[in-house]
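Right, one structure below, let's go through it.
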Amino acid sequence: MIFGHVITAQQLFGQLLIGLINGSFYALLSLGLAVIFGMLNIVNFAHGALYMMGAFVAYFLLHELGLNYWWALIGSPLIVGAFGALIERTLLVRLRGLDPLYSLLLTFGVALMIQGLFQNYFGASGMPYAIPPQLSGAHNLGFMFLPNYRAWVIGFSAFVCLATWFLIEKTRIGAYLRAATENPTMTRAFGLNVPRMITLTYGFGVGLAALAGVLAAPINQVRPGMGADIIAVVFAVVVIGGMGSILGSIITGFTLGVVEGMTKVFYPEASNTVVFVIMAVVLLIKPAGLFGKVA
Amino acid sequence: MATAEAAAPTLAVSGLQAWYGESHVLHCVDFEVRPGEVVTLLGRNGAGKTTTLKAIMGIVGKRSGSVAFTGHETIGLSSDRIARLGMAICPEERAIFSSLSVRENLMLPPRVAPGGLTLERIFALFPNLAERLASGGGKLSGGEQQMLAIARILRTGARFLMLDEPTEGLAPVIIRQIGHTIAELKREGFTILLVEQNFRFAATVSDRYYVMEHGHIELGFANADLDANNMEKLHVRLGV
């Protein structure tokens, strides 16, 4: 007995699972934000709206074109990523070199517009998206019941996060991106098309948000407000992990999902605020975030 | 200058002007570099030597006039397109990327043409680099940084190199190593535009000189014409 509750093993593992699922979304979303902020110095407030668009594109692909979940997993990030590239080419490009506050305001406005449009057409209520048949059902692990789809989301998110980390830290493409981040003028003078790299990087970060949206569609409903609900926590994760830190956003994302889940077990009253309390404490002790470099 | 008409210039700069924001730094710069030459821009601090190199590379705020490279007009091109025509710069601040390893720094500039130096040749010229490949770019000494900054533009196949004060602040042994490298590149037919404060060093490698003052070329002469008269002019202008 803790804080007056009786805690069963089932409850504990159930919340651990929910925590890991939420953590998967936090990690994917904050990773996209970290890539965009770290490489381009853009605070992408439209990230939640683009995550929501990812889920909606999956829904349309299924219901309008008959393309199933697996197609959506590839198609939605590409489509929404291309939309992101368009935003960068037409709007964000004009703010290059200015304080990140400007891009924050711009993307905040874009987020409101996207969300408003979707709300106008689809209302506030959610639309169901079925779990793909290959991933329906569950496994009994003895101590808990593990739905296959949830196991897939956790495993696939972790894989995508690590693959992104590997791409940026260990490959030649990643070296180009890091160089362009550190000294865009000289990187360009070596013959690399830096403006195109910036557009593609933004599109890639947005694609990660859309991928998270597709993964979330069968778990939560497809709703215009789904992005706005999650974005505040995701920004807290980014701040805790350290703005722009790739590995930091992955580790912090999964960890805070679990911390949130465990709080629901041990002290449910605090489960909605625990992430922000942690953020405040981290900012007091380590203002650059747990994995951030001091600017 | 007996060879003046011998070959079309690799680089022909005429009427080049450049600005940093509101300040007008280059006023009508005219000079040329012919294939296989090592040409040095001399001049006091602030004369516009570094800006001239940056303007040729397309990395100043604003520029006008004409910069013809192997017959192509480049004044309207972005720096990445200029680089891909086969020119490369080793900037004064060296611009080693601290978030990249030495190996990543070395491999960063993409190949723009066939015929770049192999890694074996580069390590033969700069043996220290071979031992430091796994180090972070920010962990190198000044001499190692300079070697890396030169080495990474030798792989790319660019045959026209601009070196901005490669000997600045370095120990004599490293300066000799860099002089040896420039001489070897010259033997292989590279064309080099050098900026130097160190006239003694420049005199060991250069074919010709231009002296800059207040953002334009004041004087040009060949190494062979380095007689008492020209030395006197240099002395007046540079204090060497």
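The values are calculated or read from the model by the stated rules, or taken from the named source; none is laboratory data. Remember, predicted model here, so these are calculated numbers, not experimental data. Positions of Cβ are backbone-derived with ideal geometry, glycine not excepted, and every protein chain shown enters the neighbour counts.
Tabulated values for the structure
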| item | result |
| --- | --- |
| Selected residue (criterion: surrounded by the fewest Cβ atoms within 10 Å (Cβ to Cβ)) from residues of segment A:176-190 that are facing chain B (nearest Cβ under 7 Å) and farther than 12 Å from B:SER99 by Cβ | A:THR185 |
| Matching residues in segment B:197-222 - criterion: being within 23 Å of B:SER14 (Cβ to Cβ) and outside any strand (DSSP E or B) | B:SER206, B:ASP207, B:HIS214, B:GLY215 |
| Hits in segment A:227-254 - residues which are within 16 Å of A:PHE118 (Cα to Cα) and surrounded by fewer than 24 Cβ atoms within 10 Å (Cβ to Cβ) | A:ALA228, A:ASP229 |
| Selection from segment A:99-122 of residues that are under 25 Å from A:TYR69 (Cβ atoms) and either free of Cβ contacts under 8 Å to residues at least 60 places away in the same chain or surrounded by 16 or more Cβ atoms within 10 Å (Cβ to Cβ) (or both) | A:ILE114, A:GLN115, A:LEU117, A:PHE118, A:TYR121 |
| Members of segment B:49-72 found to be within 9 Å of another protein chain (Cβ to nearest Cβ) and farther than 22 Å from B:ARG34 by Cα, listed by number | B:ILE59 |
| One residue from B:ILE82, B:ILE174, B:ILE75, B:ILE153 being in a helix (DSSP H, G or I), away from chain A (no Cβ under 14 Å), buried (at least 16 other Cβ atoms within 10 Å of the Cβ) and of a type in the set (A, V, I, L, M, F, W, C) | B:ILE174 |
| Residue within segment B:159-167 that is at positive phi and either buried (at least 16 other Cβ atoms within 10 Å of the Cβ) or assigned to a helix (DSSP H, G or I) (or both) present | yes |
| Hits in segment B:32-59 - residues which are at negative phi and in a strand (DSSP E or B) | B:GLU32, B:VAL33, B:VAL38, B:VAL39, B:THR40, B:LEU41, B:LEU42 |
| Residue within segment B:25-41 that is within 14 Å of chain A (Cβ to nearest Cβ) and either modelled with pLDDT under 95 or over 15 Å from B:ARG159 (Cα atoms) (or both) present | no |
| Given (1) in contact with a strand residue (DSSP E or B) (Cβ under 8 Å, 6 or more places away or on another chain); (2) surrounded by fewer than 23 Cβ atoms within 10 Å (Cβ to Cβ); (3) of a type outside the set (S, T, N, Q), index of the condition A:GLU64 fails | (1) |
| Qualifying residues in segment B:104-124 (those that are away from every other protein chain (no Cβ under 14 Å) and assigned to a helix (DSSP H, G or I)) - the one surrounded by the most Cβ atoms within 10 Å (Cβ to Cβ) | B:ILE122 |
| 2 or more residues among the hydroxyl-bearing types (Ser, Thr, Tyr) and in contact (Cβ under 8 Å) with a residue 60 or more places away in the chain: qualifying helices (runs of 4 or more DSSP H) within segment A:194-283 | A:194-216, A:246-266 |
| Meets criteria (among the hydroxyl-bearing types (Ser, Thr, Tyr) and in contact with a Leu (Cβ under 9 Å, 6 or more places away or on another chain)) for B:THR74 | yes |
| Which listed residue is farther than 27 Å from A:VAL194 by Cα, in contact with a helix residue (DSSP H, G or I) (Cβ under 6 Å, 6 or more places away or on another chain) and without any contact (Cβ under 8 Å) to a residue 60 or more places away in the chain, from A:LEU12, A:LEU73, A:LEU20, A:LEU67 | A:LEU67 |
| Residue count, segment B:190-206 (criterion: touching a Lys or Arg at 6+ places or on another chain (Cβ under 9 Å) and closer than 15 Å to B:HIS180 by Cβ) | 3 |
| When residues of segment A:195-222 are limited to those that are crowded, with 21+ Cβ neighbours inside 10 Å and either over 18 Å from A:PRO77 (Cα atoms) or not hydrophobic (A, V, I, L, M, F, W, C) (or both), the one farthest from the other protein chains (Cβ to nearest Cβ) | A:PRO218 |
| Checklist (1) in contact with a Phe, Trp or Tyr (Cβ under 7 Å, 6 or more places away or on another chain); (2) at pLDDT below 90; (3) of a type outside the set (S, T, N, Q) applied to B:LEU161, failing item | (2) |
| Hits in segment B:125-143 - residues which are buried (at least 21 other Cβ atoms within 10 Å of the Cβ) and either of a type in the set (Asp, Glu) or in contact with a Ser or Thr (Cβ under 7 Å, 6 or more places away or on another chain) (or both) | B:GLY137 |
